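The values are calculated or read from the model by the stated rules, or taken from the named source; none is laboratory data. Just so we're clear, the structure is a prediction, and the values are computed from it rather than from any experiment. Here the Cβ positions follow ideal geometry from the backbone for every residue, glycine too, while neighbour counts run over all protein chains shown. Only protein heavy atoms, including side chains, enter the accessible area calculation; ligands, DNA and RNA are left aside. Shrake-Rupley method; radii C 1.70, N 1.55, O 1.52, S 1.80 Å.
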Amino acid sequence: MNQLLNLALGVYLTALVLAAVDLAVKRYWLERLAKAVLLAGAVVLTAYMARRWQVSGRAPFSNMFESLVLLAWAMPVAHRIAQARLKAAWLTAPVALFAALTLAYAGTYEADVHPLMPALRSNWLAVHVFTCFLGYAGLAVSFLAALGHLIAARPANRTTAATRATLEATVTRSVSFGFLFLSVGIVTGAVWANAAWGTYWSWDPKETWALITWLVYAFFLHCRQLDSWQGRRASWVAVLGFVSVLFTYFGVNYLMSGLHSYAS
Amino acid sequence: MNGNPQSQNTNATRGAVTTPMARRGPWAVLSSMRFALALVAVLIAACITGTVLPQGDMVATTVRHHPDAARRLGLLRTLGLTDVFHASWFAALLGLLTLSLLACGAKQMMTLARAARKGRAISSLLIHLSLVAILAGGLIRGIWGQKGSLQLHAGESASEFQCVAASVPLPFDVHLLRFEVERDEASHGPASPSPDDGDRLLLRWTAGGQDSSLPVDVGTAQRVAASSAGSWTVTVLRYLPDFMMDPVTHTVETRSAQPRNPAIQVSVVGPGYATTNWLFARFPDVTMPMRQDTDAPFRMVYERHGQGAAGGSVRNYRSTLEISENGRIAKQASLAVNAPLSYRGYTFYQSGYNPEDTSWTSLLVVHDPGVPLVFTGFGALIIGLFLSLYVWPRESAPEAEPT
């Protein structure tokens, strides 16, 4: 199985190199090839996760290693959806880098398959974690696009209005995608919690930080309707939102104890 | 929080810019997006506070470990910051948010008839009302909800459960027929040619005292010293995940890479003593040869990671209940972790067991009449978000940038 993981990492790094070269030489065929290779990495990871699911007899989304692999898989998928009908070619390189780093980081965790505790033996595990991480991936793409927009919107950078508009649209689209799936993830988690712990909400640190993240992005989606919160300000909110995502994912696992402590 | 068509939003926004909020009526303030966004910002700050500062029981623990922090924590308690999510100011904040959502929803309904993009207005209204439903469900739980515990031995009955303050009567009787710990039989863990990192070799000293716990490192000689028994060298020579022995040749080999019958071959050398034995994770009382180091001052046990001596890992804990009303059996069913049992508005959850007394079970009893409303709100929220973000999105995609 590890060969598949190494292959996926190699494919992501290849996509990164192709996308980086495309940034320098700007060839349409190279851009298309980089995006295709990036998606091919996700296909390899699909095979890896399917194999792991078959071996363990359960969805491979139960610990830090498995969730990082899932995030590395979801990044190209969210990127593809956010980029539908838009062309922000330069975004392929940071997405490939992010996915490759995530996969490499997953390699630092134990990959053995262990039996799950009874509380985690539920079909809700697959739905809850899968939707949450699709959401995280969408929000990661929005973060990269927001950073790009903040750089492009600096007066010193002579970027066209069309470039900035494309970046802004990418931020909004990826936030929309991420926000929808984050919402589904929170809701399915609440329904599962009600079946497992007798309460759909208990202000556990993970729940609370997921709510904080949700509120930040709800703020973003609303402030897009206010004239004074367009452009750079909105991008800063998207960046802040992703800081909240990172804290929800990593910070809570390592700094706070609660009902989700098994996630670390 | 205002999902009206763009032109109306812009008008509302301009109104907010030109008229100071304090001079506007309460209705205008409550239904304005700026006010709602300000509330969201305060709510975010409150939630962060509730996860960063010590809360509830943690306050006493913090004071015990850091007596010098008692004064500061006392100040935080006075400010209502040591139990944020149960504080009245936090409830007031949620109440204000509910009012704001209702006001925005009412405003959307009033403008629905003349909205240019009705689909978008309806989806936005659905989202706001779903949030109101979720918050209202939480309020119902707070007012009429009950939560407590019930402990039973097999054969015992109860007609009340224990809440924090008092016993709460149930409108029926609960009788525990049996409690079972279900274990995996077919699941043997990961296929691997080497032992698991968490596997341990336990030396149980016959003279008493604490067990010596050694890692199962194949080929590594490990020294164990006991004051009364001298120094001993223990070496794990081999590991077989699926031990089998040819009955004719007595050759030992593994049937597969699956840890179906994990075994280790251990060499023990001590003062005037040397032996080699096979130990089995699933059969702690069996050794090969059939002699468990009778001359040694300890007994060896191979403990497999994530699995007790009883066999596979725990799959679930299951209590089987019989519910009766007026002396007649109304329902007989079992409940387990992730599979609660509901009857007449009360839901029973498996919450604990006693490994020393396997006829005893601990159940969580919940009566929450707000759950249907909350779950309806969840469904409406997801549908509303999907409609709002994908079916009737706010802005169309810009033209593709030329490359």
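A few comments on the model shown:
- Given charges at beta-carbon only (K, R positive; D, E negative), |dipole| of chain A in Debye: 880 debye
- Dividing the radius of gyration of the alpha carbons in segment A:107-233 by their Kirkwood radius gives 1.10 for Rg/Rh.
- Whole-number D in µm² s⁻¹ for the protein assembly as shown, Kirkwood Cα-pair radius fed into Stokes-Einstein, 10 °C, 1.306 mPa s: 55 µm²/s
- Taking only the Cα atoms of segment B:84-203, the radius of gyration and Dmax are 26.4, 82 Å.
- Set of lysines with alpha-carbon distance to residue A:35 below 30 Å, sequence-local pairs under 8 removed: A:26, A:87
- Counting only lysines at least 8 places from residue B:118 when in the same chain, those with an alpha carbon closer than 19 Å to its own are B:107.
- Listed residue (B:87, B:131, B:257) projecting farthest to the positive dipole end of the protein assembly as shown, Cβ model: B:131
- Once you reduce segment B:314-391 and segment A:99-151 to the center of their Cα atoms, the two points are 29 Å from each other.
- Under 27 Å from residue B:331, Cα to Cα: lysines that are on another chain or at least 8 residues apart: B:147
- Whole-angstrom Cα spans of segment B:340-391 along principal axes, big to small: 57, 24, 11
- If the Kirkwood radius is taken over C-alpha pairs of chain A, then at 4 °C and 1.567 mPa s the Stokes-Einstein diffusion coefficient equals 68 µm²/s.
- The value for segment A:85-170 of Rg(Cα) / (2.2 N^0.38 Å) is 1.53.
- Cut-off under 5 Å, modelled amide H: who pairs with residue B:205 long-range: B:212, B:299
- Counting only protein heavy atoms and a probe of 1.4 Å, the accessible surface of the protein assembly as shown is 61% carbon and sulfur.
- Distance from the alpha carbon centroid of segment A:31-97 to that of segment B:34-98 works out to 39 angstrom.
- 1.4 Å probe accessible area per residue over the protein assembly as shown, in Å²: 46 Å²
- Accessible surface, 1.4 Å probe, highest first, among residues B:66, A:149: B:66, A:149
- Against the criterion of solvent-accessible heavy-atom surface with a 1.4 angstrom probe, A:142, A:228 sort, most first, into A:228, A:142.
- Figure note: A:236, A:197 ranked by solvent-accessible area, largest first, 1.4 Å probe, ligands and nucleic acids not counted: A:236, A:197.
- Computed from protein heavy atoms with a 1.4 Å probe, the total accessible area buried between B and A is close to 5000 Å².
- Taking A:94, A:155, A:205 in turn, the Gaussian network model of chain A (Cα-Cα springs below 10 Å) assigns the largest fluctuation to A:155.
- Estimated FRET transfer efficiency when R0 is 51 angstrom, pair residue B:211-residue A:236 (beta carbons, to 0.05): 0.35
- Lys/Arg +1, Asp/Glu -1 at C-beta; chain A dipole; positive extreme among A:43, A:61, A:256: A:43
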